[in-house]
2 protein chains.
Amino acid sequence: MTKEFRTLADPETVRETIADLDLGGGTERVDLRAARGRVLAERIDAEIDVPGFDRAAMDGYAVQASDTVGAGEADPTVLDLAGTVHAGENPDVSVEPGTCVEISTGAVMPPGADAVVVVERTDEIDGDEIGGNDDDSDDTAIEIRTAVAPSENVMLAGADIAAGARAIGPGTRLTPREIGLLSALGVDEVPFRTRPRVGIISTGDELVPPGEPLDSERGEIYDVNTNTIAAGVEAAGGEAVVYPHAGDDFDAMEDLLRQAADECDLVLSSGSTSASAVDVIYRVIEERGELLLHGVSVKPGKPMLVGRIDQHDADDDAEAAATDDSSDETAQSAYIGLPGYPVSALTIFRVFVAPAIRAAAGQPEPATATVDGELIAKQRHDEGRLRLLSVGLIEDADGNTLVYPVDKGSGATTSLVDADGVVEIAPDTDYLAAGESVTVQLFDPDVRPPNLLAVGEADPALTELLDALDRPRFLPLGSREGARRLRNGVPDIAVVAGPTDREVEAVELGGWSREWGFVVPEGNPYDLADLADLVDNDIAFVNRDTTSGLRTSLSNSLAALADKRGVSRHSLVESIHGFEATVKGVESPARRVADGRADAGLGLRTTAAKLGLDFVSLGDQPVRLLGNPDRIEKDAFDTLRDALATLPEDCASLAGYRFD
Amino acid sequence: MTKEFRTLADPETVRETIADLDLGGGTERVDLRAARGRVLAERIDAEIDVPGFDRAAMDGYAVQASDTVGAGEADPTVLDLAGTVHAGENPDVSVEPGTCVEISTGAVMPPGADAVVVVERTDEIDGDEIGGNDDDSDDTAIEIRTAVAPSENVMLAGADIAAGARAIGPGTRLTPREIGLLSALGVDEVPFRTRPRVGIISTGDELVPPGEPLDSERGEIYDVNTNTIAAGVEAAGGEAVVYPHAGDDFDAMEDLLRQAADECDLVLSSGSTSASAVDVIYRVIEERGELLLHGVSVKPGKPMLVGRIDQHDADDDAEAAATDDSSDETAQSAYIGLPGYPVSALTIFRVFVAPAIRAAAGQPEPATATVDGELIAKQRHDEGRLRLLSVGLIEDADGNTLVYPVDKGSGATTSLVDADGVVEIAPDTDYLAAGESVTVQLFDPDVRPPNLLAVGEADPALTELLDALDRPRFLPLGSREGARRLRNGVPDIAVVAGPTDREVEAVELGGWSREWGFVVPEGNPYDLADLADLVDNDIAFVNRDTTSGLRTSLSNSLAALADKRGVSRHSLVESIHGFEATVKGVESPARRVADGRADAGLGLRTTAAKLGLDFVSLGDQPVRLLGNPDRIEKDAFDTLRDALATLPEDCASLAGYRFD
């Protein structure tokens, strides 16, 4: 077999190679109660008539239709009442000419009867009225005020579905409706396509399962791909089998991969970005299986493996018969290696692997999973391979879908939730222009764009505000980036804290003020009282990055202090130990203080209170919500205004906030 | 409290009344592995920085950015190699000015380093080249051919998400993507909205659970609503609790309803069409709870109850304090009584109950669940209430959706699968004209119309043909109705067996012939040889209804025999015992013979063979597929032609068939 690993396979080749893998697909019988969403393996024919008997379809009187010929309101026919039949009873009476039987909806038609007169077109008359003796029920008679045809108001046996008829075809996905029809047929166990068993192996010594302690000093991170891909496998109709991580050396990896191959139809490895783990897997597949493809010409996702792994059972045979043709029949399981970065792994899984799992499980492709929209920002493309660009969606005031790239690095796990789908950009495209119409493949047919997209400064009161909205999305990129993106027309609102250096055309939606300063250890051991103390003492400080409004306020205060002292701002900065040690989150400097890794951190009074730390106030700064003038008619702004009105109450526990 | 039961409640009132019921909605913690599709009860904030350390984003060399100033292809900088850091290792080396450290993607940045130069912009040079002693690795140096800025190719601690930041908002439905972000945060247990527990009680003594034996003589039928509604409850995000049926008397029903009230947030009763069971429930709710609504002005679904049931726990208190205000606080569960007929029950459930369950479970409303289409057939409407008309969908050759009413009685369970959704017809509408544009509420957002709609004669070869198609729908209404509907432009194809009395404009798609005659007991105990024997002997016969092509062929043969004998056809019919005893399915007469309920039945040779019976041939009749000329360009017809080509093979086991 010739293998070409030097060139990356094109996406169509990858699809075909994966489609040719055998992912199982047998049949199993499952209780009807667990049948929802499963796919019928075989046609089901009715084994019984439904209903199983001629059944009264209305409350009334069972009659012989011929007795009612000519009956009408003006000229009723009178029939003797011979008895009664209720639903669930075997009739103990028959209908002879001139008689009738009271009958309930659902009851068995008594022998002799062939039609039902509805009760509304009848009247009961007792024996006296028709000249009988006294009020013995035997003498009751019924006045029939309408004629009925044979079978009228009767559902004949088998009229719903007859024994032997085709009920539900193979390949049907069962919803409550099909479950209803199968119940009517008395079926309580159904043959389904077996769910392909998909083994998931996490590689990379640095990965730790969520819930266990993490040693960041050693560079450990939580394993993201195992749970993500397992959920994806289940959504596609497969059964996910998660294998514990077993070390990155050859023997351990070989054992793990072949155990998974023994137990599963498909083995997915995923997790590590480390070259060593990938190299080990590569060697195992080459030596203990068959490598079909190495690398796909797609971004993200280039490092992808497709192949097969020998199962243990077949191993001895295969070795014994190595020179024999029968070795071609070595039992193997399918293998696909996903890239390590979560966004890449999930994208490759969704595009190439999930369709194969759905096919093996007999699951239909999701009905609607694309949305057309207008690209807001120009997107350059200088790759020689197909780009699957992660994008977010937002609607304008007219309900049109706008599309913007989500450009966090592929190592970021937050881009998993900040994006709604991908746009395919062909290899020969130079760029997509702003305003261009694009088709977005949603990550999931149920994805709905956020109602409100906000970009800017993270803030505890904003967090409360977001909780009061329906499907908001907030990108905590800092005040400066919020204002910049608003100028470019991307978000619905920018959240801007502190002084702004450049104006942006926007609708002021309101805001609040927050008290900022230094978060210090409990008891303020360095007796920090103001900014001058930070400059003049040897205090380990932690700053925020330059996108933050807190950083801007600090810089302005430093400039004022420099003016007052008649020195350069730079000289003050130089004398602050850790001024360039910036961290990302609104709580991050305070958390370094809490950890004992710093003596003071730039932050908010409310954060100090939350973490049980002390606080040195440097002032209040405004936080403003700036609305995109083109979007202000969106319904979400009404909800936002309502939420702003109750925000002071929701934020009663936040220290240092003013809402006036 | 004033209750108005005389007038039916309008749909909006019913919606509001149900929305006011308390369906639970607490919080429970669930393993992240079981989190897919669940709805977050609370906001989740990051408890840790992700990544938890400054992390190399590329393979290369960790450096002090200031050492690379001015470096380029033409003018490289050379740095001493001080060591190596892999992913998952605690760095045991630091980067001093003039040195660098080899680093892998994902590894911890060593102390002193603030940037990474990617390996592609470097070259390793050994000690000799720079004048050192020998090839001791301590002397290895690295040529750096590019300048890097501080933080370049480094993902700073917290850059993905910082500790304290808002990660996922309350009310978010978890997909694999959110599961990925939560994994990155180390979260392994998540607070979810509790799924409302919904008790399902089946009423009606005539109902038997699927899988158990059925006594049709007593009018028993299988319980359809329990499984259907349970599947619907689960699809809406509730937990279905099925209660065994316990008899229709007051005490048994009261015990069952109050046990369910004790254990569930909502009790749904459903199942019986019998007035007595409904009356008992009505009384229980009035005496042991509170009836809020009785009847909704919707068709189907008029008989609907909404109320509350007292829980047992609260009972004693309530009786003791009957005159006290505190009796208002009796613990109660919500109660909704659904109509008995399956289509009505599921429609009312879908329209009124499922939204309330979704709201309590925090599940979003399904994204897209409507389709616009053109009504093919005029629909009269003379009701004074809102009609939810069950409709089927089919596409024309241009992909437009066509809509036709599904007009089986509401007692039919097959209409569950023969319809795709409902069209609302307002109370004041007289009729919808053919060609009118209507909006169809799909039963499920995943509903897709069939690819091919066939109407006509049921036939075993047709069954095989349908199995070879993708999403066909066949309505077995007989040859005559197939031809009639094709004239009205509804189906894609009509399936017509035997002679036709009226021509229909159609495209002949092919067909086959089948041998028809009498199915008789094994050994043919009456020595039936031809039609004359049936006429001349006292044989219990079972016929097919007049819509069937088999019946038409039999009638033609009778006419020929009457001609030959010089008697009226009617006289021959009169002498056949059971000529008017018609049954519905293609196998139904034969099954009566197999059961011993008849001596001969109209049917096919292949049915006799299947059931182990004997057969008396009366000839062959053609079965023809007639294509709708307006639809013939649909892709499904290509699939149909392919399937027809292989049909002779697929039908090799059918006796009496000819495909030529």
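Here is how the numbers come out for the structure above:
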quantity	calculated
List of region B:190-214 residues, accessible area with partners at least 30 Å² below that of the chain alone (1.4 Å probe)	B:GLU206, B:PRO210, B:GLY211
Per residue accessible area in Å² of chain A, where ligands, DNA and RNA are left out and the probe is 1.4 Å	41
Residue order for A:TYR526, A:TYR404 - accessible surface, 1.4 angstrom probe, largest first	A:TYR526, A:TYR404
At 7 Å out from Cα toward Cβ: B:THR639 inter-copy label distances (nm, ascending)	3.9
B/A buried area, accessible surface, summed, 1.4 Å probe, Å²	8100
Within chain A: Cβ-based charge dipole about Cα centre, in debye rounded to nearest 20 (Lys, Arg +1; Asp, Glu -1)	4540
Two-decimal ratio, the protein assembly as shown, of alpha-carbon radius of gyration to 2.2 N^0.38 Å	1.13
Within chain B, percent of DSSP bridges classed antiparallel, to nearest 5	70
Buried on assembly, region B:148-167 (at least 40 Å² less accessible surface than by itself, 1.4 Å probe)	B:ASP160, B:ALA163, B:GLY164, B:ARG166
Solvent-accessible area lost in complex, 40 Å² minimum, residues of region B:226-250 relative to chain alone, 1.4 Å	B:ASN227, B:ALA231, B:GLU234
Net charge dipole size for the protein assembly as shown [Lys, Arg +1 and Asp, Glu -1 on Cβ; Debye, nearest 20]	3460
Charge context of A:PHE637, other residues only, Cβ under 11 angstrom, K/R +1, D/E -1	-2
For region B:55-155: rounded, prolate or oblate by the Cα gyration tensor [a/c cutoff 1.5]	oblate
Calculated label separations, A:ARG502, copies of the chain, 7 Å along the beta-carbon direction, nm	7.7
Accessible-area order (highest first, 1.4 angstrom probe) of the listed residues B:LYS378, A:LYS302, A:LYS634	B:LYS378, A:LYS302, A:LYS634
Label 7 Å beyond Cα on the Cβ vector: B:LYS564 copy-to-copy distances, nm	12.3
Student exercise, region A:170-217 dipole from Lys, Arg, Asp, Glu Cβ charges, in Debye to nearest 20	680
Heavy-atom accessible area ranking, 1.4 Å probe, most first, across B:GLU217, B:GLU481	B:GLU217, B:GLU481
Cα gyration tensor category, rounded, prolate or oblate, for chain B with a/c compared to 1.5	oblate
Helical contribution to [θ] at 222 nm, DSSP H n ≥ 4, -39,500 (n - 2.57), averaged over chain A, rounded to 500	-7000 deg cm²/dmol
Anisotropy class of region A:460-658 from Cα gyration tensor, a/c 1.5 cut	prolate
Charge context of A:THR547, other residues only, Cβ under 10 angstrom, K/R +1, D/E -1	+2
Whole-percent carbon and sulfur share, accessible surface of the protein assembly as shown, 1.4 Å	43
Cβ-defined net charge surrounding B:ALA652, 13 Å radius [Lys, Arg +1; Asp, Glu -1]	-2
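The values are calculated or read from the model by the stated rules, or taken from the named source; none is laboratory data. Worth saying up front: this structure is predicted, and the values here are computed from it rather than measured. All Cβ positions, even for glycine, are placed from backbone atoms using ideal geometry, and neighbour counts span all protein chains on display. Heads up: the accessible areas ignore ligands, DNA and RNA and are worked out on the full protein's heavy atoms, side chains in. Shrake-Rupley method; radii C 1.70, N 1.55, O 1.52, S 1.80 Å.
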